[in-house]
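What follows is a set of notes on a single structure, which appears directly below.
Just so it is clear, none of the values below were taken in a lab; they were calculated from the coordinates. All values derive from a computational prediction rather than experimental measurement. Every residue, glycine among them, receives a Cβ derived from its backbone with ideal geometry; neighbour counts consider all protein chains shown.
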Amino acid sequence: MLRHADPKRDAGACAAIYAPYVDGRATSFEQSPPTPEDFAERIRRISASYPWLVAQRDGNVAGFAYATSHRERAAYRWTAETSVYIDAAYQGQGLGRELYGTLLDLLRRQRLHVACAGVTLPNEASVALHESLGFTPVGTYRRIGFKAGTWRDVGWWQLLLGGEAADAPQEPLGPQHLDLAT
């Protein structure tokens, strides 16, 4: 089951899923895992403008995906940056694809035009997921972050959500318009 995240209900589970991506790998450039309180605030703040989804399996939060602002300047308001994280026990079961597919549909319904994703390299599974959903590589920031004792590259992928841009796009909608049932 997929649903919109609730800060009080889901922050602890999201923090637990995310922690190994910070501590055990170079996937995230954060230096220490955020607390459940940090995650509750992130979910509240991000959900005011973009979707934050959780997937439940066997009564547990098994993964989450969200979109956020790509950049703050007004001309970027039709662009979102996307992320997905899956609990190790549920990886390889298509959950990332399910979460991302729903997230991308919601972004389209918000009238967004482009989804961007940054992937710390190497990460064959994340690259394969993004490319299977239609993201195309657009560039690499070389040696952009230092984590786990070495310099890391971040590759960037993007997906056109609405096809070719209109000369005068409609303003994006807020996430309050995005019922998962439709």
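Points worth noting:
- For segment 83-182, fraction of C-alpha pairs farther apart than 19 Å, in %: 53 percent
- From the largest down, the chain spans 46, 39, 29 angstrom on the principal axes of its Cα atoms.
- Listed residue (GLY63, ALA15, SER32) projecting farthest to the positive dipole end of the chain, Cβ model: SER32
- Based on the Kirkwood approach, the hydrodynamic radius assigned to segment 40-140 is 14.3 Å, with every pair of different Cα atoms included.
- The label-point distance for ARG25 and ALA74, in a model that sets each label 7 Å from Cα toward Cβ, rounds to 3.9 nm.
- Computed about the Cα centre, the dipole magnitude for segment 2-163 is approximately 500 debye when only Lys and Arg (+1) and Asp and Glu (-1) carry charge, each at its Cβ.
- Near PRO172: Cβ cut-off under 13 Å, other residues only, Lys/Arg at +1 and Asp/Glu at -1. The net charge is +3.
- Highest-first packing order for the peptide set 62-73, 31-42 is 62-73, 31-42, based on the mean count of other beta carbon atoms within 10 Å.
- Estimated D of segment 77-117 in µm² per second, where Rh is the Kirkwood radius over Cα pairs and Stokes-Einstein applies at 25 °C, 0.890 mPa s: 222 µm²/s
- Alpha carbon centroid spacing (whole Å) that separates segment 1-20 from segment 35-52: 10 Å
- As a proxy for reagent exposure, ranking LYS147, LYS8 by other Cβ atoms within 10 Å from fewest up yields LYS8, LYS147.
- Separation of the GLN93 and GLN56 label points, Cα + 7 Å toward Cβ, nm: 1.5 nm
- Each eigenvalue of the Cα gyration tensor of segment 1-72, multiplied by 5 and square-rooted, gives one semi-axis; in descending order these are 18, 17, 11 Å.
- R0 of 25 Å, Cβ-Cβ distance THR150-ALA125: FRET efficiency to nearest 0.05: 0.80
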